[in-house]
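The values are calculated or read from the model by the stated rules, or taken from the named source; none is laboratory data. Everything numeric in this text was worked out from a predicted model, so none of it was measured. Cβ placement follows ideal geometry from the backbone for every residue including glycine, while neighbour counts extend to all protein chains displayed.
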């Protein structure tokens, strides 16, 4: 025994109960009402505190090139911030180059992450090119421990409808999980050109160029394709009411459709784009109206939103300022990797949702959906990724108390009820009551298990 956490209240999707939890060699080895420490073990008293599995952020963009720059957080800064917010596993996106195999793209990106990451990390491959047999390299990536892939229905590098359908077919055949960024690319291009021609260039027109129906149409189209194939589909950063309704219908019909949303969609509405600093909130899909926000919270409470993730992709203020007079020049993305778990736990602490739901969406479900067999649960044999949370601690977010390299935060001044006080990554303390105490390179690449494949008929 290396670590013993005593007197805390453990939280899982199944309930909350008082128990001690023991850790040996980075693994949870015992959970019981009372455990006696052994000589040499560190003993931590968690009386009046909650003990939670470390969160899994299944959607981040670290050191990502965009719009002529690179996102403000590299792999060290991003995972440092994650640790300080109670997130112990981070999924980043590998953007495949044209003519590049999926496995080569993973190895290229891992060479950047491995020496930097302060907590464990995994990858999704964002697919750009499937010609000349490259689609078959999905299997190589899967065998390497990366069984999840993403397609974009938007941007110049996004895939065509035919390629998307082909990727869904291949994923079903080999046991991969497909995610989709769903927005109608042609609508976005038309509306953007229209507003620019009319001299409408403020951040507000970023939202109006990608309104609710632009995302909703693509959500519904993607869901119908997945349904037609009987393939699993995971919709990233779902932000609109019609899309929520389509997800609910598909689930009710028995299809394996998963939905993720992000804290900024839950906390802000599209009115932020009218603010003087509205450019700082520019992300895609944009933050939507109050009706969509309410629909997301309702879906969370009834279990139709499966996961919370961040889409963490921050840019410095000077870079956001490129778009002062032209919304198309604003790098897309916001900081949130340190805020996800504290924000959702505060929502539970104030009665908006249940703690059990937060743990399910932020830890258990991402582990199950993406094959992280050693993560997401406070169970014997699992990695000792553990967060001690003080529900009585009041915390106000300021850029000065965040651990990102970004020089501003959209969460400035947000007050939270309750906050993490300790984070353990595989049994090692990496965050201690306001201070990062981990180290660069501690994080390990997480190889994951694939889904059950469904071979082609005939």
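Regarding the range 57-72, can at least one residue be identified that is exposed (fewer than 14 other Cβ atoms within 10 Å of the Cβ), outside the structural domain of residue 116 (by TED's automatic domain parsing) and assigned to a strand (DSSP E or B)? No: the range 57-72 contains no residue that is exposed (fewer than 14 other Cβ atoms within 10 Å of the Cβ), outside the structural domain of residue 116 (by TED's automatic domain parsing) and assigned to a strand (DSSP E or B). In the set (1) out of contact with any helix residue (DSSP H, G or I) (no Cβ under 7 Å at 6 or more places or on another chain); (2) touching a residue at least 24 places away in the same chain (Cβ under 8 Å), the condition left unmet by residue 334 is number (1).
Working only within the range 11-29, note down all residues that are touching a residue at least 12 places away in the same chain (Cβ under 8 Å) and over 11 Å from residue 384 (Cα atoms). Result: 11, 12, 13, 14, 15, 16, 18, 19, 20.
Take the conditions (1) within 21 Å of residue 158 (Cβ to Cβ); (2) crowded, with 19+ Cβ neighbours inside 10 Å; residue 221 misses just one of them, which is (2). I'd like to check something: does the range 153-163 contain any residue that is at pLDDT 95 or above, touching a strand residue (DSSP E or B) at 6+ places or on another chain (Cβ under 6 Å) and on the phi < 0 side of the Ramachandran plot? No, every residue in the range 153-163 fails to be at pLDDT 95 or above, touching a strand residue (DSSP E or B) at 6+ places or on another chain (Cβ under 6 Å) and on the phi < 0 side of the Ramachandran plot. If you go through the range 117-159 and pick out every residue that is within 30 Å of residue 439 (Cα to Cα), in a loop (DSSP other than H, G, I, E, B) and within 19 Å of the chain's Cα centre (by Cα), you end up with 6.
Look at residue 78 and say whether it is at pLDDT 95 or above, not in a loop (DSSP other than H, G, I, E, B) and not assigned by TED's automatic domain parsing to the domain that holds residue 408.
It is true that residue 78 is at pLDDT 95 or above, not in a loop (DSSP other than H, G, I, E, B) and not assigned by TED's automatic domain parsing to the domain that holds residue 408.
For the structure I just gave you, tell me whether residue 441 is out of contact with any helix residue (DSSP H, G or I) (no Cβ under 8 Å at 6 or more places or on another chain) and surrounded by fewer than 19 Cβ atoms within 10 Å (Cβ to Cβ). Judged against the criteria, residue 441 is a match.
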